[in-house]
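Please treat every number below as a calculation from the coordinates, not as lab data. Please read all numbers here as calculations on a predicted model, not as lab measurements. Reconstructed Cβ throughout: ideal geometry from the backbone, glycine too, with neighbour counts over all protein chains shown.
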């Protein structure tokens, strides 16, 4: 066991606690405190078997939970086996099953130290700072070495992890999901605690001094704290609530948030290591900076003739204190008088001046000097300054070159040209001011304060030959005058005259006049020979400037060269314009007006497009083809337009433009066009415009296809071959084009099956075998003819299968049928040959077997009388006629069933014997 701290240390710690303040929920550890069993040697019975094992001693009984704040100054643990390095750890819960490693001490167990209790005094620089609620833990990289004893109850079960590995201080680990122990244990490990060191300030308490001109956000002081415990990080805070200062706990910087008020301000601060707080005080002392009048003393001269209130002197006052408000006033005046005073300058809030009041009645002979003491204060510290005012005696100014007469030429004197300079002197004033009046009052002259007289306009335009100028001079005290200057103008110009205006009636200008058409020529007369005249025009309404123009050299008024006059678009602005013409000879001007009236003209209607198109179906006279929907523009308001068309096959409604047929229009008639291009004319009764109209006529299915006969009859035999043509169905359709195309169909519903077919060209043929029908049968069905538009006609069709002995109604050339062409002859001959061959074979057998032929012996049929008889053949001829003239016979059909039963190429005979 380690020795505990001596009694003197305990006494010092007691005194320190008295001066400090503990943090709520935390109690300083004592020098005799510990966590874990008092005697680890008694818990050495067993040893864990898992390698790389970490154990968090978080049992609910709290045997290994720290209950105070301080530092671990020693470890004591029992090593049972497996020398190596063990990490002695402290973990702190952060909630949700997660823990943070707040510190660890590593100890290496050497070989030979097994089965011993290890006492590990932690060096001061490596001591772990602990807080109430922390848990002890250990981790062994390899085989475990710290022993344990199986004892206790459910509260002595801890958490294990073989995957935690080596952890660094500050790492987090989810101990909450680690494996809990299945049996109670007490581990042979203990941590000895020490209260550690208290946090302290390194530079408090103290007092600092600043002036009240310190700018806002200035760093006034940096508070610093320290803690001798190496793993403690002291935190700083300001406990004084104030709006005048801001404190940054991270840097310890104290700043003022605004200008500092004069006085002393104590501020309290706290340094904390998370266990105990230490407080300190900083006193801020703020001193005032007094104002300063920087431009006093000063002297000022004032004339005894002063009559108005006047600013004599502007005070310049400064104050380093940013928030101070300065006020100034007269402190005293010697000799005593109320002729002078101090006040703010007009329009300012902080600038003061020394004034003399109106009508001060100053006298050079009575008082020649006034001493004014000015007092300024920031409401804390007043300051004074002196202004000395000297009264001076006044002397009036004297004219040196007036009265006088001055001749100036009108042609060379321009505006702002100088014609004369007045000269005056004043013995006691270097600044004189001039003014004047004129007769007549409209004289084109002005005078500057310097005495220079200028022309205000070009004198060449004036007709008055002379002016009198009455001039005054003022020295700021005395006004002297008037003195007369007579100005004579030579070379006066005669103004030009417009000779052919005004007019007695307006000038008429028709709309749509050609660009640059002449409207009126303004004439001018001028007695001054050789002068150049320039013409200008103004217009009322002002829009006239876009319709008319004037030649500045000749005075010719013309229509615009770029814009055509349109009477209809001038409705809102009016159709009457007043043109004011001004002519100048560069010296004088003459002005006259004339009125121009715009007259309306008929304008042709205009199609909006060059070509239009409509389409409709063919039809009878009067049927509507379509409406072209003409868009016609006619500038003339109220004008009526009519339409006409030049194609005789069509009629156009003159008002609406709707197109109808003038006669029946049938595209089925040869030579009738399906598209016609016509010329359409629109007229307002006087003027016209044309456009093309493309009329497209659509073909209509207006003719029904018709069979050439209401009934069709065909002949066939039961053996007529499939595909054999029996004849043709014929029909016609008067439509041309697509609607003139026809197709054939058969309705064989009554037959129950499709025995016949019809081709596109009308050929009627056998589609399925007729063997199911007997001779003498008549088959009835319906033929249908349709066009592509769906119109149709029907006809009755009869297919007659005649009796076998009855010749067909039609006659053809006979052709005899040979014996072998009849399949029945072939059949019985074949059977006879087979029987005869069998008989021969039987006879041969008897000869071989018996040596004779019994059947040839007379004794075979002794009573039979033989007679030679020839068979009698009865010949009958049956002739068949092929009902289809189109059927052709091929050589390969010679012995076919179809051929023998009537499917041959022509009439044939069957011969029966």
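Put simply, the C-alpha atoms of the range 556-631 give a gyration tensor, and the ellipsoid matching it has half-axes of 54, 13, 8 Å, longest first. The equivalent ellipsoid of the range 61-100 has semi-axes of 24, 15, 11 Å, largest first, where each one is the square root of 5 times an eigenvalue of the Cα gyration tensor. Taking the fewest neighbouring Cβ atoms within 10 Å as the starting point, the ordered list for 771, 781, 841 is 841, 771, 781. With neighbour counts taken as other beta-carbon atoms within 10 Å, the residues 511, 253 rank, fewest first, as 253, 511. Kirkwood hydrodynamic radius, the range 667-710, all distinct C-alpha pairs: what's the number in Å? Evaluated on the range 667-710, it is 14.2 Å. Note: relative contact order over the chain, using C-alpha pairs below 8 Å and six or more positions apart, is 6 percent.
For the range 325-378, the gyration tensor built on C-alpha atoms gives an oblate shape. Its axis ratio a/c (a ≥ b ≥ c) is at least 1.5, and a/b is not larger than b/c.
The calculated pair-distance distribution of the range 200-287 uses every alpha carbon pair, bins of 10 angstrom beginning at 0, and gives 17, 50, 24, 8, 1 percent. The percentage of C-alpha pairs in the range 38-147 whose separation is greater than 16 Å is 61%. Classified by the C-alpha gyration tensor, the range 590-709 has a prolate form. Its axis ratio a/c, with a ≥ b ≥ c, is 1.5 or above, and a/b is larger than b/c. Taking every DSSP bridge with both residues inside the range 292-392, close to 80 percent are antiparallel.
The mean of 1/r over all pairs of different alpha-carbon atoms in the range 706-801, once inverted, gives a Kirkwood hydrodynamic radius of 13.8 Å. Kirkwood Rh over alpha-carbon pairs of the range 455-555, then Stokes-Einstein at 20 °C and 1.002 mPa s: what D in µm² s⁻¹, rounded to an integer? This corresponds to a translational diffusion coefficient of 115 µm²/s. Put simply, the convex hull of the Cα atoms in the range 141-191 casts, on average, a shadow of 4.6 nm². Over every Cα atom in the range 113-240, the radius of gyration and the widest Cα-Cα span, Dmax, amount to 23.3, 75 Å. Axis angle, to the nearest 10 degrees, between helix 7-19 and the longest C-alpha principal axis of the chain: 90 degrees. Along its first, second and third principal axes, ordered by size, the range 374-441 spans 73, 29, 20 Å in Cα coordinates. Taking the C-alpha atoms only, the angle from helix 823-850 to the longest principal axis of the chain is near 70 degrees. Peptides 431-438, 824-831, 560-567 ranked from most to least packed by the mean count of surrounding Cβ atoms within 10 Å: 431-438, 560-567, 824-831.
Taking the inverse of the mean 1/r over every pair of distinct Cα atoms in the chain gives a Kirkwood hydrodynamic radius of 49.7 Å.
Of all DSSP beta bridges confined to the chain, the antiparallel ones make up roughly 85%. What would the Debye equation give as log₁₀ I(q)/I(0) for the range 268-362 at q = 0.17, 0.24, 0.25 Å⁻¹, counting only Cα atoms as equal point scatterers? Evaluating at q = 0.17, 0.24, 0.25 Å⁻¹ gives log10 I(q)/I(0) of -0.87, -1.31, -1.36.
Report the normalised scattering of the range 461-515 as log10 I(q)/I(0) at q = 0.15, 0.18, 0.22 Å⁻¹, calculated by the Debye formula with identical scatterers on the alpha carbons. For the requested q values the scattering log ratios are -0.74, -0.84, -0.94.
When the convex hull of its Cα atoms is viewed from all sides, the range 398-490 shows a mean projected area of 5.4 nm². Just so you know, the averaged projected area of the alpha carbon convex hull for the range 7-194 sits at 11.1 nm².
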